[in-house]
Amino acid sequence: MTHNYAGLASGNMASQNNAGRVSKPKAAALQGVAKMEAVAALGVTQCFLPPQERPALWALREHGFTGTDADVLAQAHVNNPHLLAQCCSSSFMWSANAATVAPAQDTRDQRTHVVVANLKSMTHRAIEPPCTRAMLNAVFTDRERFEIHHALPANADMGDEGAANHTRLFDAAHANQPATHFFVYGIDAANPRLQPKIHPARQTLQASRRVAEVLQLDPARCVFAQQNPDAIDQGVFHNDVVAVGNASTLLYHQDAWLDHDRVIHSLAQSVENSFCPIVVSPDELTIAEAVTTYLFNSQLVTTPDGFMTLVCPSEVQHHARASAVALRIQQDPHNSISRILYMDVRESMRNGGGPACLRLRVPLAPTSGNATGHATSPVTGQATSANMLAGIHTGCVFNSARAAQLRAWIERWYPEQLTPEDLADPQLLIRNRDALDALTQQLGLASIYPFQGVSPLKS
Ligand code: SUG
């Protein structure tokens, strides 16, 4: 509801270039729902997370602002407008950064493990984890099946940006076997020799390793790679700006990582024969073009026919070279990608988030018995049985009725547009809280927000 362009994310070109622009929160939310509907039409089961509470009054108070909520907003607006913007960011919309997930079949205790990302490298995002964890606990309610871990401590060497830097690869013919987990980091904090010169490296090797441990993964099935520091300097702040994977397919830019040959060799050994790398060379598309079009930030999903659809941002369609790459991939009989679907997620794109940023994969397997359902599992591409969704809060499972409900709620509560001046308006805060109260009641969700009495400080 406070989606705005404050230019808060250094190293994220879209965020920097659109700073100060008038935002359209209602359009942003409606674009997200339309994208979910399109993905649902491809046969993919989805859940959704409600927005976080913004402005984050508790964070402003932590910085010493006192008095009524209106006083706090007014003082922050005059004395520290940058902090106010940070406390108003809607950056939680990019749920690829919410957490890293390992499904039951990959973990030592055969439970699904989720590590909330600490997002410590950006102040406006570091306030997300406590509410993210409360939400994930409210959605994945079965503690026997799902463990939602705390974010890693925000130590200097523990920058974690969640699933944006993690890809799970597996042979769809053996989907119940443990998968390969591909972790990409920006910097080795113990050996920071190779690092970007201009923009920050957000993910540390130390954090990626720790996430793999907390997820209870077999170390032999984990592959770690370092982002190319030159790519970070050109705006590749997350790996998902230059790579996307699904099942055994990995679409990536040739200059994504250091030591490209070793990385691909290690992945090929781990994923074995089914591994299908699709590389895009700088001659076809430069890193700078990948950053402006977000070709690689597409959602890659398996459809019930066993083929895959690449859900691209419409910026790709309007870029001659990027759309030519998409067409080349679609027409190549050696991979499973048979369809390209273009979606308008422009409001998100203007802050550096494409279709892939707007989702977090939670692979599900049947809890027991045979899969006899109707929808398609994002993990296996096979039928999703009702029991796969057992232990998940039904109010947050997406379907056409929910889409209509969410649309009506967005139309009722979201502002058409916002400028930086609007963020200090106490009426906006009151309206946002009323909207979140209405939503949590409609969805039958437990209390998850600070204004509902949940601690905003513990993640
Ligand atoms: O962290 N943008 C987000 C975009 C995150 C995209 N997610 C993935 N690549 N998975 C970021 O840089 C901009 C907010 C602002 O400037 O107001 C921002 O936080």
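Can you find a residue in the range 9-30 that is out of contact with any Phe, Trp or Tyr (no Cβ under 9 Å at 6 or more places or on another chain), more than 16 Å from the ligand (Cβ to nearest atom), touching a residue at least 24 places away in the same chain (Cβ under 8 Å) and part of a helix (DSSP H, G or I)?
No: zero hits.
Residues Ala212, Ala225, Ala201: which one is buried (at least 20 other Cβ atoms within 10 Å of the Cβ) and part of a strand (DSSP E or B)? Before the answer, list the steps.
Values: Ala212 fails: part of a strand (DSSP E or B); Ala201 fails: part of a strand (DSSP E or B).
Of Ala212, Ala225, Ala201, the one residue that is buried (at least 20 other Cβ atoms within 10 Å of the Cβ) and part of a strand (DSSP E or B) is Ala225.
Under 6 Å by Cβ, and 6 or more places apart or on different chains, what pairs join a residue from the range 235-258 that is on the phi > 0 side of the Ramachandran plot with one that is in a helix (DSSP H, G or I)?
Close Cβ pairs (under 6 Å, with a partner that is in a helix (DSSP H, G or I)) amount to Gly235/Met13; Gly235/Val291; Ala247/Ala172.
Restricting to the range 156-208, give me the number of residues that are among the polar types (S, T, N, Q) and either within 14 Å of Pro363 (Cα to Cα) or free of Cβ contacts under 8 Å to residues at least 24 places away in the same chain (or both). Reasoning before the result, please.
Step one: list which residues in the range 156-208 are among the polar types (S, T, N, Q), which gives 165, 167, 176-177, 180, 191, 195, 203-204, 206, 208.
Those still in the list that are either within 14 Å of Pro363 (Cα to Cα) or free of Cβ contacts under 8 Å to residues at least 24 places away in the same chain (or both) too: 167, 176-177, 180, 191.
Residues meeting the conditions: 5.
Looking for whichever is buried (at least 22 other Cβ atoms within 10 Å of the Cβ) and either β-branched (Val, Ile, Thr) or at pLDDT 95 or above (or both) here; the options are Ser348, Ser323. Which one fits? Lay out the reasoning, then the answer.
Details: Ser323 fails: buried (at least 22 other Cβ atoms within 10 Å of the Cβ).
The conditions single out Ser348.
Could you run through the range 148-199 and say how many residues are within 19 Å of the chain's Cα centre (by Cα) and acidic (Asp, Glu)?
Let us first name the residues in the range 148-199 that are within 19 Å of the chain's Cα centre (by Cα), namely 148-152, 158-169, 181-186.
Next, only the ones that are acidic (Asp, Glu) stay: 160-161.
Of the residues in the range 148-199, 2 are within 19 Å of the chain's Cα centre (by Cα) and acidic (Asp, Glu).
Anything in the range 153-193 that is crowded, with 24+ Cβ neighbours inside 10 Å, over 19 Å from Pro277 (Cβ atoms) and among the hydrophobic types (A, V, I, L, M, F, W, C)? List them, or say none.
Ala163, Ala164, Ile187 - these are the residues of the range 153-193 that are crowded, with 24+ Cβ neighbours inside 10 Å, over 19 Å from Pro277 (Cβ atoms) and among the hydrophobic types (A, V, I, L, M, F, W, C).
Could you list all residues from the range 99-113 that are of a type in the set (A, V, I, L, M, F, W, C), more than 16 Å from the ligand (Cβ to nearest atom) and under 17 Å from the mean Cα position of the chain (by Cα)? Full working, then the answer.
At the first step, the residues of the range 99-113 found to be of a type in the set (A, V, I, L, M, F, W, C) are 99, 101-102, 104.
Next, from what is left, pick out any that are more than 16 Å from the ligand (Cβ to nearest atom): 102, 104.
Once the filter is applied, which keeps residues that are of a type in the set (A, V, I, L, M, F, W, C), more than 16 Å from the ligand (Cβ to nearest atom) and under 17 Å from the mean Cα position of the chain (by Cα), the range 99-113 yields only Ala102.
Name the residues in the range 126-142 that are in a loop (DSSP other than H, G, I, E, B) and within 16 Å of the ligand (Cβ to nearest atom), would you?
Narrowing the range 126-142 to residues in a loop (DSSP other than H, G, I, E, B): 127-128, 141-142.
Hits for the range 126-142 are Ile127, Glu128.
When you go through Thr309, Thr249, Thr303 one by one, which is the residue that is buried (at least 16 other Cβ atoms within 10 Å of the Cβ) and in contact with a Gly (Cβ under 8 Å, 6 or more places away or on another chain)?
Answer to the selection: Thr303.
Within the set of pairs 6+ apart or on separate chains, which have a first residue in the range 351-366 that is within 17 Å of Ala179 (Cβ to Cβ), a second that is within 8 Å of the ligand (Cβ to nearest atom), and C-beta atoms under 7 Å apart?
If the second residue must be within 8 Å of the ligand (Cβ to nearest atom), the pairs left are Leu360/Ala96; Leu360/Ala163; Arg361/Ala163.
Let's see how each residue does on (1) within 16 Å of the ligand (Cβ to nearest atom); (2) in contact with a strand residue (DSSP E or B) (Cβ under 6 Å, 6 or more places away or on another chain); (3) modelled with pLDDT under 95; (4) closer than 28 Å to Gly43 by Cβ:
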{"residue": "Asn273", "(1), (2), (3), (4)": "no, no, yes, yes"}
{"residue": "Leu285", "(1), (2), (3), (4)": "no, no, no, no"}
{"residue": "Phe296", "(1), (2), (3), (4)": "yes, yes, no, yes"}
{"residue": "Ser314", "(1), (2), (3), (4)": "no, yes, no, yes"}
{"residue": "Gln317", "(1), (2), (3), (4)": "no, yes, no, yes"}
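May I ask you to verify whether Thr123 is within 28 Å of Ala29 (Cα to Cα), within 16 Å of the ligand (Cβ to nearest atom) and surrounded by fewer than 17 Cβ atoms within 10 Å (Cβ to Cβ)?
On the way: within 28 Å of Ala29 (Cα to Cα): yes; within 16 Å of the ligand (Cβ to nearest atom): yes; surrounded by fewer than 17 Cβ atoms within 10 Å (Cβ to Cβ): yes.
The answer is yes for Thr123.
Out of curiosity, is Arg54 surrounded by 22 or more Cβ atoms within 10 Å (Cβ to Cβ), within 12 Å of the ligand (Cβ to nearest atom) and of a type in the set (D, E, K, R)?
Yes.
Hey, does the range 207-222 have a residue that's within 14 Å of the ligand (Cβ to nearest atom), modelled with pLDDT of 95 or more and not acidic (Asp, Glu)? Explain how you work it out, then say what you get.
Looking only at the range 207-222, we keep the residues that are within 14 Å of the ligand (Cβ to nearest atom), and these are none.
No, every residue in the range 207-222 fails to be within 14 Å of the ligand (Cβ to nearest atom), modelled with pLDDT of 95 or more and not acidic (Asp, Glu).
Considering every residue within the range 70-79, establish whether at least one is of a type in the set (Gly, Ala, Ser), within 13 Å of the ligand (Cβ to nearest atom) and either modelled with pLDDT of 95 or more or part of a helix (DSSP H, G or I) (or both).
Narrowing the range 70-79 to residues of a type in the set (Gly, Ala, Ser): 70, 74, 76.
Then keep just the ones that are within 13 Å of the ligand (Cβ to nearest atom); that gives none.
Checking the range 70-79: not a single residue is of a type in the set (Gly, Ala, Ser), within 13 Å of the ligand (Cβ to nearest atom) and either modelled with pLDDT of 95 or more or part of a helix (DSSP H, G or I) (or both).
Of the residues Gln226, Gln195, Gln269, Gln203, which single one is among the polar types (S, T, N, Q) and within 16 Å of the ligand (Cβ to nearest atom)?
Values: Gln226 fails: within 16 Å of the ligand (Cβ to nearest atom); Gln195 fails: within 16 Å of the ligand (Cβ to nearest atom); Gln269 fails: within 16 Å of the ligand (Cβ to nearest atom).
Criteria check complete, one pass: Gln203.
Listed residues Ala56, Ala41; which is under 21 Å from the mean Cα position of the chain (by Cα) and free of Cβ contacts under 8 Å to residues at least 12 places away in the same chain?
Result: Ala41 is the single residue among Ala56, Ala41 that is under 21 Å from the mean Cα position of the chain (by Cα) and free of Cβ contacts under 8 Å to residues at least 12 places away in the same chain.
Which members of the range 6-41 meet the condition of being touching a Pro at 6+ places or on another chain (Cβ under 6 Å) and either under 15 Å from Ser90 (Cα atoms) or at pLDDT below 95 (or both)?
Pro25
Please work out which residue is surrounded by the fewest Cβ atoms within 10 Å (Cβ to Cβ), limiting yourself to the range 80-98 and to residues that are within 11 Å of the ligand (Cβ to nearest atom) and not in a helix (DSSP H, G or I).
Filtering the range 80-98 for residues that are within 11 Å of the ligand (Cβ to nearest atom) and not in a helix (DSSP H, G or I), the one surrounded by the fewest Cβ atoms within 10 Å (Cβ to Cβ) comes out as Ser90.
The values are calculated or read from the model by the stated rules, or taken from the named source; none is laboratory data. Just so we're clear, the structure is a prediction, and the values are computed from it rather than from any experiment. Because the Cβ atoms are built from the backbone with ideal geometry, glycine has one as well, and the counts that use them run over all protein chains shown.
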